[in-house]
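Note sheet for the following structure.
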Amino acid sequence: MALRCDLIIRDATIFDGTGAPRRRGDVGVTGDRIVAVGDLGGASADREVLAHGRALAPGFIDAHTHDDRAVMCGPECMTCKISQGVTTVVVGNCGVSLSPARFKRTPPPPLDLIGEEGWWRFDSFGDYAHELKKRGSEVNTYALVGHQTMRVEAMDGDVMRVAKDSEIEHMRLRVKNSLAEGASGFSTGLYYPPNMHATTEEVIAVAEPLRAMGGIYVTHMRDEADRVLASIEETAKIGKRVGVPVWVSHHKCSMPENYGRSTQTLPLIEAINQTQDMFFDMYPYPAGSTVLMPDRLREDVKVMITWSIPHPEMAGKYLSDLARGWNTDIRQAAERLLPAGQVTWQMDEEDVRRIMAHPMSVIGSDGIPHDAHPHPRLWGTFPRVLGLYARELRLFSVETAIHKMTGRTASLFGMLDRGEIREGAYADLVLFDADTVIDRATFEDPKQTSEGIEEVWANGTPTYVAGKGATGEKPGRLVTRNRV
Ligand code: ZN
Ligand code: CU
């Protein structure tokens, strides 16, 4: 009997996510799964899409996001991601997660990146997962729980010190319960004030449940500038002591005096991988973005304001221009803008390319979804890697680019049956034009959809169609690390 599917995408150039060479063929989908790949000439379907040779890839996995709240806020928040072909996001990064913690007032920066008052109501990860399921989402969510969130809660806001044993025990239990309720790992943001007073030993103690429960440790390291090598060593030590894989977030060599040092960091990461697992993600821009921190500003590093509570009209403006207009120095100008966010030109394009091209790297946007004038990585990361770095600059093949956004990411995080086009895998798919795909979001005009992304499916259901936008469907699910 001839095969009957819900959907067949015919005559596509299939990039299967493993890095294997592209091949021409058809993909059949029934329910939430890919049921056949190859020549499906004898099969029929309720819906047939003629790809005419355009590219079909596994849906992109955004390895580093701050979408904890955005995933439940509908197309208004998630069009930035689904319009790039993203079907899965990793939330809870940099030690910042929306659960497990309940706060009456907005917590200190950088926790305010993801939620103001009213959103800090998830006393457990289970509560968060329940709300996510109830509201639904355009994308699949893979979640970490954050040390900063747990510190602010356990230490009742008094975080500029080492945690006491009882507080560490409280956090450790939080991690354990969160993993039992569907979280996949634990993240830190040791660079930030609420986290910087945590010693290596505190991190090891809080992370301890990861080993028995098969979780992963992910970190925005203590220092990505002068002490970047020491920070990588600290991360490795934590992984070794806890006995789990570790993940370095948004790997970079920050500040002008450290430009070029990816020639040191990458060999160090390779050496560490001889004896333990260390992975890393990166985003394709020479500028970073986070909350505005006046005491860390420098005259020689350009900064743009992304949001400001007292001065919302200054979003998108350069801090140096504001300081000139106000007749102050940049630090005083920044104080006036708080709480606020910043884009910082803190990297060397050569390092960005070297890290991106390294065979171990995977792509994560680090987009900040609720900023008034966000860093363009929020809307442009994945099409930029495909269009600019793979097609135009030939930093690597399209096959490799896609592997860094799909198959490699899924296997390192333990996302079972995702990130690959093969029979039996989930039907997370993106159809795009490999000749035209490119980001259009810029630092000046960041909220722009990309070109060349034609249709996106999560778990077999369309979430985005070019020309129409978000479909309004919410087929996304919570994805939990496969623990075998
Ligand atoms: Zn970070
Ligand atoms: Cu981040």
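The values are calculated or read from the model by the stated rules, or taken from the named source; none is laboratory data. Just so it is clear, the structure is predicted and the values come from calculations on it, not from any experiment. Glycine gets a Cβ as well: all are built from the backbone with ideal geometry, and neighbour counts include every protein chain shown.
Considering (1) crowded, with 24+ Cβ neighbours inside 10 Å; (2) away from ligand 2 (no atom under 16 Å from the Cβ), the lone condition that Pro245 does not fulfil carries the number (1).
Taking the stated definitions as given, is Gly92 away from ligand 1 (no atom under 16 Å from the Cβ) and not charged (D, E, K, R)? Judged against the criteria, Gly92 is not a match.
Of the strands (runs of 3 or more DSSP E) that lie entirely inside the stretch 39-98, those containing 1 or more residues that are surrounded by 24 or more Cβ atoms within 10 Å (Cβ to Cβ) and at pLDDT 95 or above span 55-58, 60-62, 86-91. Helices (runs of 4 or more DSSP H) fully within the stretch 139-227 that include at least 2 residues being more than 16 Å from ligand 1 (Cβ to nearest atom) and surrounded by fewer than 21 Cβ atoms within 10 Å (Cβ to Cβ): 165-180, 200-207, 209-213. Sub-9 Å Cβ pairs linking a first residue in the stretch 283-300 that is of a type in the set (Asp, Glu) and modelled with pLDDT of 95 or more to a second residue that is part of a loop (DSSP other than H, G, I, E, B) and surrounded by 22 or more Cβ atoms within 10 Å (Cβ to Cβ), at least 6 apart or interchain, number zero.
Table: residues versus (1) away from ligand 2 (no atom under 16 Å from the Cβ); (2) within 19 Å of Thr290 (Cβ to Cβ); (3) without any contact (Cβ under 8 Å) to a residue 12 or more places away in the chain.
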| residue | (1), (2), (3) |
| --- | --- |
| Met72 | yes, no, no |
| Pro75 | yes, no, no |
| Val86 | no, no, no |
| Cys94 | no, yes, no |
| Ala101 | yes, no, no |
| Thr106 | yes, yes, no |
| Pro110 | no, yes, no |
| Ile114 | no, yes, no |
| Arg121 | yes, no, no |
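Within the stretch 328-375, being in a helix (DSSP H, G or I) and in contact (Cβ under 8 Å) with a residue 40 or more places away in the chain holds for Ala334, Glu335, Leu337, Glu349, Glu350, Asp351, Val352, Arg353, Arg354, Ile355, Met356. Here the stretch 95-135 is the region considered, the condition is being within 14 Å of ligand 1 (Cβ to nearest atom) and of a type in the set (Gly, Ala, Ser), and the residue that is farthest from Arg418 (Cα to Cα) is Gly95.
Among Ala315, Ala287, which is under 18 Å from Asp445 (Cα atoms) and surrounded by 19 or more Cβ atoms within 10 Å (Cβ to Cβ)?
Values: Ala315 fails: surrounded by 19 or more Cβ atoms within 10 Å (Cβ to Cβ).
Ala287 is the lone residue from the list that is under 18 Å from Asp445 (Cα atoms) and surrounded by 19 or more Cβ atoms within 10 Å (Cβ to Cβ).
Scan the stretch 378-389 and tell me whether some residue there is farther than 30 Å from Met314 by Cα and under 15 Å from the mean Cα position of the chain (by Cα). Looking for residues that are farther than 30 Å from Met314 by Cα and under 15 Å from the mean Cα position of the chain (by Cα), one finds none in the stretch 378-389, hence no.
Can you report the number of residues in the stretch 351-405 which are acidic (Asp, Glu) and closer than 18 Å to Gly288 by Cα? It would help to see each step written out before you state the result.
Looking only at the stretch 351-405, we keep the residues that are acidic (Asp, Glu), and these are 351, 366, 371, 392, 399.
Remaining after also requiring closer than 18 Å to Gly288 by Cα: 351, 366, 371.
Number of matching residues: 3.
Entry remark, the stretch 424-439: residues being in a loop (DSSP other than H, G, I, E, B) and either in contact with a strand residue (DSSP E or B) (Cβ under 6 Å, 6 or more places away or on another chain) or modelled with pLDDT under 95 (or both) number 5 in total. When the stretch 322-369 is filtered for residues that are of a type in the set (Asp, Glu), closer than 17 Å to Val228 by Cβ and either over 25 Å from the mean Cα position of the chain (by Cα) or surrounded by fewer than 23 Cβ atoms within 10 Å (Cβ to Cβ) (or both), the ones remaining, listed by number, are Asp348, Glu350. In the stretch 427-484, what residues are free of Cβ contacts under 8 Å to residues at least 12 places away in the same chain and crowded, with 19+ Cβ neighbours inside 10 Å? The one that is free of Cβ contacts under 8 Å to residues at least 12 places away in the same chain and crowded, with 19+ Cβ neighbours inside 10 Å: Pro462.
Any residue that is touching a helix residue (DSSP H, G or I) at 6+ places or on another chain (Cβ under 6 Å) and more than 15 Å from ligand 2 (Cβ to nearest atom) - is there at least one of those in the stretch 187-196? Scanning the stretch 187-196 turns up no residue that is touching a helix residue (DSSP H, G or I) at 6+ places or on another chain (Cβ under 6 Å) and more than 15 Å from ligand 2 (Cβ to nearest atom).
State whether one or more residues within the stretch 259-266 are surrounded by 23 or more Cβ atoms within 10 Å (Cβ to Cβ), farther than 24 Å from Pro193 by Cβ, in contact with a helix residue (DSSP H, G or I) (Cβ under 7 Å, 6 or more places away or on another chain) and in the same structural domain as Arg408 (by TED's automatic domain parsing).
Residues of the stretch 259-266 that are surrounded by 23 or more Cβ atoms within 10 Å (Cβ to Cβ), as a first pass: 262, 265.
Going one step further and asking which of them are farther than 24 Å from Pro193 by Cβ, we end up with 262, 265.
After this cut, where a residue has to be in contact with a helix residue (DSSP H, G or I) (Cβ under 7 Å, 6 or more places away or on another chain) as well, the list is 262, 265.
From what is left, the residues that are in the same structural domain as Arg408 (by TED's automatic domain parsing) are 262, 265.
The answer is yes; a qualifying residue exists.
Mind telling me which of the residues Arg408, Arg422, Arg377 ends up being within 16 Å of ligand 2 (Cβ to nearest atom) and of a type in the set (Lys, Arg)?
Values: Arg408 fails: within 16 Å of ligand 2 (Cβ to nearest atom); Arg422 fails: within 16 Å of ligand 2 (Cβ to nearest atom).
Answer to the check: Arg377.
Do you know which residues across the stretch 385-423 are part of a loop (DSSP other than H, G, I, E, B), over 24 Å from Asp435 (Cα atoms) and among the small types (Gly, Ala, Ser)? Result: Gly414, single match.
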